[in-house]
Amino acid sequence: MTKNNRTQLALGLILILVAAWLVAIRIRPDLDDWVTANFDWPFWVIGSGAILLLIGLLSGAPGMAVPASITAGVGGILYYQNASGDWDSWSYMWALIPGFIGIGSILTGILGEDTRRNLRHGLNAIITSVILFLVFATIFGGLDILGVYKEYWMAGLLGLLGIWFIVRGLLRSRPKEE
């Protein structure tokens with residue numbers, strides 16, 4: 001599938017989702033009222049990330065997925081903080097930003113720009129981000145956001161590292177046979 005075909009596919013899916021949303025709020029006007037009542041200002045930040053991604057898709061620049069992921073991810077953090085009032089969580093939540101870069105890198109690879117390298121770098125950034133997050137959340141007492149699962153962070157970290165090694169081994173370039 002060419003880069004142009006992938007862009008066309010992604011744009012088509014986005015347009016179908018927007019059309020479905022428009023039909024849904026015409027059929028159920030109370031759905032629009034519910035969304036207005038339940039989605040606060042951080043969704044403008046998340047929406048800005050979606051618009052950046054859309055601009056990248058329309059212009060054929062898959063690299064726009066990286067700033068789009070960062071913007072949308074920070075919007076997600078702000079949504080959590082606004083909903084919970086846990087503004088002190090920024091002391092360790094910033095560690096998720098390299099993971100957002102990794103997600104953007106993976107999206108860039110999926111959209112057709114140096115797929116193998118972008119997937120590898122994206123997964124490395126996500127693993128680094130998870131490790132940083134767990135370390136700083138432990139230091140600053142933020143593991144309470146994991147609720148009853150906070151005692152399982154070490155098992156989760158080991159599992160993520162195991163997945164990382166498996167995927168890294170699969171993505172590693174194989175030597176050419178002569």
message: Restricting to the range 78-95, name every residue that is crowded, with 19+ Cβ neighbours inside 10 Å, of a type in the set (A, V, I, L, M, F, W, C) and closer than 16 Å to Leu132 by Cα.
response: Met93, Ala95
query: Would you say Ala137 is farther than 30 Å from Ser59 by Cβ and touching a residue at least 40 places away in the same chain (Cβ under 8 Å)?
result: yes
message: So Arg174 ticks every box in (1) of a type outside the set (Asp, Glu); (2) surrounded by fewer than 16 Cβ atoms within 10 Å (Cβ to Cβ); (3) at pLDDT 80 or above but one. Which box is left unticked?
response: (3)
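Can you tell me which residue among Gly104, Gly60 is in contact (Cβ under 8 Å) with a residue 24 or more places away in the chain and on the phi > 0 side of the Ramachandran plot?
Answer to the selection: Gly60.
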field: Selection from the range 115-137 of residues that are more than 17 Å from Phe165 (Cα to Cα) and surrounded by 14 or more Cβ atoms within 10 Å (Cβ to Cβ)
entry: Thr115, Leu132, Phe133, Leu134, Phe136, Ala137
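The values are calculated or read from the model by the stated rules, or taken from the named source; none is laboratory data. This is a predicted model, so every value here is computed, not measured. Positions of Cβ are generated from backbone atoms using ideal geometry, with glycine treated the same way; all protein chains shown enter the neighbour counts.
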